[in-house]
Amino acid sequence: MTELGAVFRPQLPPERLRALARLADETELSELWLWEDCFREGGVSTAAAALAWTERVRVGMGLLPVPLRNVALTAMEAASLHRMFPGRAVLAVGHGVQDWMGQVGARAESPLTLLREHLLALRALLRGERLTTEGRYVTLDDVALDWPPAGPVPVLAGATGPRSLRLSGEAADGTVLTCVTSPDGVRRARRLIDEGRRAAHRTDPHEVVVYLLTATGPDAEARVRAELAAEGAGSVPGLGAAGDAAAVAEAVGRLAEAGADTVILQPTADEPDPEGFVRFTAREVRPLVK
């Protein structure tokens, strides 16, 4: 069965998170995802709060930009969350938006190299290994977590381009795709991810998470089209979902058929009723998704 979730967009102030997280829990939504967009809300702090306020919903951090974070800190925070809330924190890392990274003096000359080094070190630390490595960007000298997670912690990578997708297949445990990924785009991504997996001789599961820009209500189509146009994807076919629960579930099904394991409904930035969007996702769309 396809997992279904929703995004708490960082255009909302942090003080709105508590009510929405509790609502996601109460309505039995599978996953609630948070973004660490510059310069809005911290991904780990909001995830920790959402996990503490809830009992069952999984909370995704999608994604943490690796140029902003020392890998040891990422590992410490991820391990702490998994020890306090076993199996409920979903960890995803990525390049980050390069313009934002430039604004804070963290733009890497080779984002792909940085992501590779970060992924390999992060996964090793979360496995409880003691690590010494000296790469172009990641340097660790006899580092191990005192409190590693009690069990496996999958690390997902955000990826868009062919090289990043191959790297995700090679070095991550799953991939997060943006809302400008059509069903055909999911199929292409799966092929590239599988190329990376074959190159690394990996046969373990690899989850693909896809955001789906979604709106319901009388102006749903216009809101979705306007946001896709602002993203430069207004003419790309097969993007977004607008309408009632049946229309949204059909769009989710197309992504699942193309290879998505989890679909996260992403409200438009101007969503007038975030609580209503969570209820719509959990109570109306979820029963229709196979």
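No lab work stands behind these numbers, since they all come straight from the coordinates. These numbers were taken from a predicted model, which means no experiment stands behind them. Note: ideal-geometry Cβ built from the backbone for every residue, glycine included; neighbour counts use all protein chains shown.
Among PHE277, PHE85, the order by Cβ neighbours within 10 angstrom, fewest to most, reads PHE85, PHE277. What is the helix-to-structure angle for 245-258, meaning the angle in degrees between its Cα long axis and the longest Cα principal axis of the chain, kept from 0 to 90 and rounded to the nearest 10? Taking Cα atoms only, the helix is inclined about 40 degrees. First select every other residue whose beta carbon is under 12 angstrom from the beta carbon of ARG225; then total the charges, Lys and Arg +1, Asp and Glu -1. Its environment carries a net charge of -3.
Residue ranges 214-226, 171-183 sort as 171-183, 214-226 when ordered by packing (mean number of other C-beta atoms within 10 Å per residue, highest first). Short-range pairs are left out: with C-alpha atoms under 8 Å and at least six residues apart, the relative contact order of the chain is 19 percent. Run the paramagnetic zone check for ARG187: 7 angstrom along Cα to Cβ, then residues of segment 228-244 with backbone nitrogen under 19 Å. The answer is 236-240. Calculated from the alpha-carbon coordinates, the chain shows an Rg and a Dmax of 18.3, 58 Å respectively. Exactly which chymotrypsin sites (Phe, Trp or Tyr not before Pro) in segment 1-63 are in a DSSP loop and have at most 10 other Cβ atoms within 10 Å? Counting only loop positions with at most 10 other Cβ atoms within 10 Å, the chymotrypsin sites (Phe, Trp or Tyr not before Pro) in segment 1-63 are PHE39.
Taking each residue as 0.36 nm, the span from ASP204 to ALA229 lengthens on full extension beyond its C-alpha to C-alpha distance by 5.3 nm. Here HIS95, HIS118, HIS206, HIS201 are placed in order of increasing Cβ neighbour count within 10 Å, fewest first, which gives HIS201, HIS206, HIS95, HIS118. The long axis of helix 71-84 is offset from the longest Cα principal axis of the chain by roughly 60 degrees. The calculated FRET efficiency for ARG56 paired with ASP270, based on their beta-carbon distance and R0 = 22 Å, is about 0.15. The loop-placed GluC sites (Glu not before Pro) in segment 96-185, going by DSSP, that have at most 16 neighbouring Cβ atoms within 10 Å of their Cβ come out as GLU109, GLU129.
Grab the other residues whose beta carbon is less than 13 angstrom from that of HIS118, score K and R as +1, D and E as -1, and report the net. Within the 13 Å Cβ shell, the charges total +3.
Bridges between two residues of segment 3-288, per DSSP, are antiparallel at a rate of about 10%.
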